[in-house]
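Data first, discussion second: the structure below is written as structure tokens.
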Amino acid sequence: MASGYGLQGGPSRCFPFWQEVLACYVVNTSAEDDSGKKKCAPVLEDYYECLHHKKEAARVRALQAAYRKAETSSARENAPSAGQIRNLGLLGKEDDTKQVLGG
């Protein structure tokens, strides 16, 4: 949250990252010389990742795409038909349920 407080009133989840950014700026910059900001780029990147989760989201999308590709490339043996799936749990269709669930 923008106020620096989390949902339960304590510090926000990214507050420790923000403290690292500020500490880096204090150590590496001065009022006259801002050239030390380059040293703080990795710390600032960590803070932005904490705020926006862009790298995490990209990683999840890549994993999901790989999973979907693997699922479509290998056909399932003994895959249930749509009719068998619709009959799951219905009275009088116990044989379909057993066949689909493998029981």
Which of the trypsin sites (Lys or Arg not before Pro) found in region 61-103 are in a DSSP loop and have at most 16 neighbouring Cβ atoms, other than their own, within 10 Å?
ARG76, LYS93
Starting from the Cα of LYS54, draw a straight line to each of the lysines and keep only those under 23 Å, dropping any in the same chain fewer than 8 residues away.
LYS37, LYS38, LYS39, LYS69
Across the chain, where is the longest run that never hits GluC sites (Glu not before Pro) in a DSSP loop with at most 12 other C-beta atoms within 10 Å?
33-76
Heavy-atom accessible area per residue - the chain, 1.4 Å, Å²:
83
Counting only the backbone N, which residues of region 46-79 are under 16 Å from the spot 7 Å out from the Cα of LEU7 toward its beta-carbon?
51-53
Tell me the carbon and sulfur percent of the accessible area for region 15-93, rounded to whole percent, probe radius 1.4 Å.
58
Of the candidate values [x] 29; [y] 60; [z] 38, the one computed for percent of Cα pairs over 24 Å apart from this structure is [y]
To the nearest 20 debye, the chain has a Cα-centred charge dipole, built from +1 on Lys and Arg Cβ and -1 on Asp and Glu Cβ, of 360
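The values are calculated or read from the model by the stated rules, or taken from the named source; none is laboratory data. If you're wondering where the values come from, they're calculated on a predicted model, not measured in any experiment. Cβ coordinates were reconstructed from backbone atoms using ideal geometry, including for glycine residues, and neighbour counts include every protein chain displayed. Ligands, DNA and RNA are stripped out before the accessible areas are found, and what is left, the full protein with its side chains, is counted by its heavy atoms. Shrake-Rupley method; radii C 1.70, N 1.55, O 1.52, S 1.80 Å.
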